[in-house]
Structure formats: C-alpha cells, structure tokens
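Read through the structure below, which is laid out as structure tokens, and then see the notes.
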Amino acid sequence: DAGVIQSPRHEVTEMGQEVTLRCKPISGHDYLFWYRQTMMRGLELLIYFNNNVPIDDSGMPEDRFSAKMPNASFSTLKIQPSEPRDSAVYFCASSFGFRARQGEAFFGQGTRLTVV
Amino acid sequence: LAKTTQPISMDSYEGQEVNITCSHNNIATNDYITWYQQFPSQGPRFIIQGYKTKVTNEVASLFIPADRKSSTLSLPRVSLSDTAVYYCLVVPASGGSYIPTFGRGTSLIVHP
C-alpha cells in the first residue's frame, strides 16, 4: 500500500481565497484524522471520522474550516476564506480497528499551506 | 487522559545511546504507553508501544518500571538520521477508540 496520500504537498494562496486539501487514506482503514501543525501550537487534532462519519470536530478552529468524507477513500479539508494565520502544515492520518484503539495511526506527508 | 511530561530537547552524538524519559504520574491501570517519531518535513510515525517491563523492536526499546509512572525510550547507537521529534502518548485501553493526542515532544538533535 502506498500509505496515506495527501495533495497538494505545497499550497500558496492569497488571503481570502478558498483552499481545499485532499487526503486518500490507506485502503481498509475506517478512521481518518485531520491535524494541523505549527511552531506555536504543535500538532493539533482538527476533526476525525469513523466509517466516513464525522465524530468529533471540536478542534476545528472556526466556521471557515470544513471537512468532508464522501467515501472511504477520500476526504477534503476546506478553508474559506483563508487567512494568514491558517498557514501551517496539515496532516491527514488513518487507522483501523484495534490499532486505532491502541493509538496507532498512519500519517501522510502533509500539505504545507502558506497564506499571504 | 494521563498527562505526559518529557524534555523539550536533547542533544547527542553519533554512536551514543540516547534515552528519552517521559513521566505520566496519573497513568491508569490499563493504559498503554506509545511513542511516535517525526522527522523534519514528514508526518509522525508510530514506533513502539508497551504496557510494562521492556519492549524491543527494530527501531527502539521501551523500558517501563513497575509503577508505570514513567517510561524511557532508548535508541541504541544513534546516527544523524535519528534527528527527529519524539512524542510520548498514553493510550486508554478501554472506552472505545483512542485518538492520538500529541504534546510538544522531545526534539533530539544528533551531532557528528
């Protein structure tokens, strides 16, 4: 398996524009997580899905952020409108079954977002 | 969830053994201890997990004393490529799935 695949790897956009980050989890995994990493706040959980259903989105910073998982092999994280403070590395991770219960997750390479 | 405390940073040299200790004083009876490794510009990677005594795999060893209030990740004979951030997590063994929640981790720098 190719692992968790995220696209794009880098994104530079202007303030006010819409940004869409994409994630393909590992086949067969039933948990999907979105994290954001910055120097100031470290690695923060934004939202996670189980069987394509959003379970906890309490980490989503505000209404400008939204996430969807239309099927088991694809998820998006959208920021509209984007702001400079959204600049960060966004990670997608997936897991399954007992491994999820034991805290083991598989991370993608991340998308580095820069909002200017 | 048990709170974890680990050093912010450590320095070492190639060929040395590195031990990173994490304290988790309020760990519950059935909680597991999990460590992740994150290289620069990459996502975190699960490296080892244990409950008590010692666990060893191809990457590291994990030592857990009898009272389980701390754990030590041991990296034998480190190389430059072991430069990374290492995260200690405590995982509840019951109550449904656990969502990995990361602290600030320990930044290990290995020098030539």
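Every number in this text was worked out from the coordinates using simple rules, so none of it is lab data. Quantities reported herein were computed from a predicted structural model and do not represent experimental measurements. Please note: Cβ atoms are built from the backbone with ideal geometry, for glycine as well, and neighbour counts cover all protein chains shown.
Observations on the model:
- Evaluated at q = 0.23, 0.27, 0.30 Å⁻¹, the base-10 log of the normalised Debye intensity for region B:1-46, with identical point scatterers placed on the Cα atoms, takes the values -1.06, -1.16, -1.20.
- Per-residue mean of C-beta atoms belonging to partner chains within 10 Å, peptide A:94-103: 5
- Across region B:49-112, the relative contact order, built from alpha-carbon pairs under 8 Å that are at least six residues apart, equals 25 percent.
- Volume in Å³ per residue [convex hull over Cα atoms, computed for chain B]: 94 Å³
- Inter-chain Cβ neighbour count for A:28-41, averaged per residue, equals 1 (cutoff 10 Å, partner chain atoms only).
- Average partner coverage of B:39-51, which counts Cβ from other chains inside 10 Å: 4
- Semi-axes of the equivalent ellipsoid for region B:63-112, computed as √(5λ) from the eigenvalues of its C-alpha gyration tensor and ordered from largest down, come to 26, 15, 8 Å.
- Only Cα pairs under 8 Å and 6+ residues apart enter the sum, and on that basis the relative contact order of chain B stands at 36 percent.
- Under the simplified labelling scheme, the B:Q42-A:D63 pair shows an inter-label distance of 4.1 nm, with each label point 7 Å from Cα along Cα→Cβ.
- Rh (Kirkwood; distinct C-alpha pairs) - chain A, Å: 14.1 Å
- Averaged over residues, the count of other Cβ atoms within 10 Å places the peptides B:78-90, A:93-105 in the sequence A:93-105, B:78-90, highest first.
- Here the Karplus curve 6.51 cos²θ - 1.76 cosθ + 1.60, taken at θ = phi - 60°, turns the phi angles of region A:85-93 into couplings of 5, 7, 4, 4, 9, 9, 10, 10, 9 Hz, with x standing for Gly and Pro.
- Per-selection metrics, the protein assembly as shown (Cα): Rg and Dmax in Å: 17.9, 55
- For region A:1-60: relative contact order, % (alpha-carbon pairs under 8 angstrom, 6 or more apart): 24 percent
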